[in-house]
1. Full extension from residue 35 to residue 253: what is 0.36 nm times the residue separation minus their Cα-Cα distance, to one decimal in nm?
2. Please state the charge dipole magnitude for segment 283-333, taken about the Cα centre, from unit charges on C-beta atoms (+1 on K and R, -1 on D and E), reported in debye and rounded to the nearest 20.
3. What number comes out for the charge environment of residue 290, summing +1 per Lys or Arg and -1 per Asp or Glu over other residues with Cβ under 12 Å away?
4. Could you give the length gained by full extension between residue 302 and residue 200, i.e. 0.36 nm per residue of separation minus their alpha carbon distance, to one decimal place?
5. Calculate how many DSSP beta bridges within segment 157-221 are antiparallel, expressed in % of all such bridges and rounded to the nearest 5.
6. Looking at segment 228-302, which GluC sites (Glu not before Pro) are in a loop (DSSP not H, G, I, E or B) and have at most 12 other Cβ atoms within 10 Å?
7. Taking only the alpha carbons of segment 157-221, what extent do you get along each of the three principal axes, in Å, biggest first?
8. Can you tell me how much longer the chain between residue 309 and residue 7 gets when fully stretched, taken as 0.36 nm per residue apart minus their C-alpha distance, in nm with one decimal?
Amino acid sequence: MSQQDWLEKDFYAALGVSKDASAQEIKKAYRKKARDLHPDRHPDDPKAEDRFKEVGEAYSVLSDDEQREQYDAIRAMGAGGARFAPGSGGGGGGFEDMFGSMFGGGGRTSFGGGGQQNVDMEDLLRMFGGGGGAPFGGGGAGFGRGGYATEAPGENLSAHLRLSFRDAATGTEATLDVGGRTVTTRIPAGVHDGQKIRLRGKGRPGMNGGKPGDLMLTLDVASDPVWSADGADLHITVPVRFDEAALGTRIEVPLFDGGTVKLKVPAGTPSGRTLRVKGKGLRTTKRTGDLRVKIEVAVPEKLDEKTREAVEALRDALGDEDPRAGLAAAAQG
């Protein structure tokens with residue numbers, strides 16, 4: 001994403017926040033927008049992914065203090081901090097005459113319009129210290145004393161990478177196109193949706209031997225119908241019959257990397273209780289997680305005559321036992 005793009009895109013409007021919003025307000029707005037606009041929620045909308053990427057692009061800039069400062073400065077200049085008039089009329093002075101003499105000729109310099117020259121805004125910003133540094137001054141710019149070229153750092157870039165849940169959980173090698181260049185990187189095991197990875201030196205190349213910028217990669221991890229993760233811990237929901245939950249049993253639970261593990265379900269286990277299998281979660285560079293098994297008591301949709309009689313006998317045996325006793329009083333505080 002070039003600094004010319006920054007002039008054209010209103011990242012604050014994309015996130016629905018004001019220009020003086022705090023970092024916490026920006027983060028909160030991004031999370032809500034990312035959740036509401038996630039492509040998985042809009043499978044029939046071909047433009048959903050573009051809107052999702054726009055929000056991620058806005059957050060990647062506004063969540064970085066240095067990039068936000070640059071963005072605000074560039075937008076302020078483009079909104080009227082410095083006036084660049086097209087054409088070649090007389091009068092004016094100031095920036096217009098300075099740029100006219102800089103880029104040749106005695107007339108005015110035009111920016112994208114009809115005039116003697118067209119100057120790329122990104123090149124102009126680099127001359128005054130852009131390309132990843134402050135828009136004006138500080139951090140090395142295009143020319144030093146006497147007009148000699150000096151080193152200028154490359155611009156930081158941002159991109160989104162969509163991963164399947166399994167690739168995010170186990171780690172993978174990803175290849176993506178960034179600004180016409182192919183970038184290959186290793187994604188570590190255990191990454192999560194919305195996580196940012198900074199790839200140093202993978203941004204735009206520097207000028208005159210300057211240090212290349214970084215690439216900020218935002219991960220979009222797809223959901224899985226069976227598995228979910230919390231850090232290195234894996235979660236799975238396993239159904240059991242009522243009699244298994246009431247009387248206790250041993251069940252086989254599938255493992256993420258294949259095979260199964262036997263798990264004891266204690267007698268009287270209620271629906272929704274989570275049992276732990278130690279060391280059967282994800283293996284990351286930091287730790288090996290656990291497998292969290294959520295028990296869900298399955299209720300048959302249809303009963304044959306024999307089964308119905310058995311359930312009715314159980315109901316009669318339970319008598320006046322009320323599992324909701326005290327709920328109303330507790331709900332009133």
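1. Fully extending the segment from residue 35 to residue 253 adds 75.4 nm.
2. 800 debye
3. On the way: positive: 276, 278, 280, 283, 287, 292; negative: 230, 233.
Residues close to residue 290 contribute a combined charge of +4.
4. Difference between extended and current length: 30.8 nm.
5. 60 percent
6. Listed in order of number, the matching sites are 301.
7. 42, 17, 14
8. Extra length from residue 309 to residue 7 when fully extended: 101.3 nm.
Just so you know, all these numbers are worked out from the coordinates, no wet-lab data involved. The model shown is predicted, which means the values in this text are computed figures rather than measured ones. Reconstructed Cβ throughout: ideal geometry from the backbone, glycine too, with neighbour counts over all protein chains shown.
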